[in-house]
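Enquirer: The structure is given below, and queries will be raised subsequently.
Every number in this text was worked out from the coordinates using simple rules, so none of it is lab data. This one's a predicted model, so the numbers in the text were calculated from it and none came from an experiment. We place every Cβ from the backbone using ideal geometry, glycine too, and count neighbours over all the protein chains shown.
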């Protein structure tokens, strides 16, 4: 079992040192360096959660709620910093998907 833990530790370190993980960390730092963008992301998540909650409770979603979400989303997609974060997240998730597929293939 110790060998398995050792291999998992090595895999974790390799993932941490991957270009995908480094790009994601850099993109996340770039977001935190811009408080207005961080706030916009928080507002977006809050609005998504609000709409999801209304849907879950079978309550009507007001047009204003949909417009607010669209407005926030439009502001995010024009941000180069947010675009980099989105791209980095996709690359990292793709890496992790491949790692999981490889592990599952061996089981």
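Enquirer: Against the condition exposed (fewer than 13 other Cβ atoms within 10 Å of the Cβ) and either free of Cβ contacts under 8 Å to residues at least 60 places away in the same chain or in contact with a strand residue (DSSP E or B) (Cβ under 7 Å, 6 or more places away or on another chain) (or both), how does residue 43 come out, does it pass?
Expert: No: the conditions fail for residue 43.
Enquirer: Answer yes if at least one residue in the range 49-61 is within 16 Å of residue 86 (Cα to Cα), out of contact with any helix residue (DSSP H, G or I) (no Cβ under 6 Å at 6 or more places or on another chain), free of Cβ contacts under 8 Å to residues at least 60 places away in the same chain and surrounded by 13 or more Cβ atoms within 10 Å (Cβ to Cβ), and no otherwise. Show your work before the answer.
Expert: Start the filter on the range 49-61 by keeping residues that are within 16 Å of residue 86 (Cα to Cα), which leaves none.
Among the residues of the range 49-61, not one is within 16 Å of residue 86 (Cα to Cα), out of contact with any helix residue (DSSP H, G or I) (no Cβ under 6 Å at 6 or more places or on another chain), free of Cβ contacts under 8 Å to residues at least 60 places away in the same chain and surrounded by 13 or more Cβ atoms within 10 Å (Cβ to Cβ), which makes the answer no.
Enquirer: Further question: Can you pull out the helices (runs of 4 or more DSSP H) entirely within the range 1-68 that have at least 3 residues that are within 18 Å of residue 96 (Cα to Cα) and over 19 Å from the mean Cα position of the chain (by Cα)?
Expert: 2-17
Enquirer: I've got another one for you. Can we say residue 31 is farther than 18 Å from residue 85 by Cβ, in contact with a helix residue (DSSP H, G or I) (Cβ under 9 Å, 6 or more places away or on another chain) and surrounded by 11 or more Cβ atoms within 10 Å (Cβ to Cβ)? Working first, answer last.
Expert: Values: farther than 18 Å from residue 85 by Cβ: no; in contact with a helix residue (DSSP H, G or I) (Cβ under 9 Å, 6 or more places away or on another chain): yes; surrounded by 11 or more Cβ atoms within 10 Å (Cβ to Cβ): yes.
Criteria not met by residue 31.
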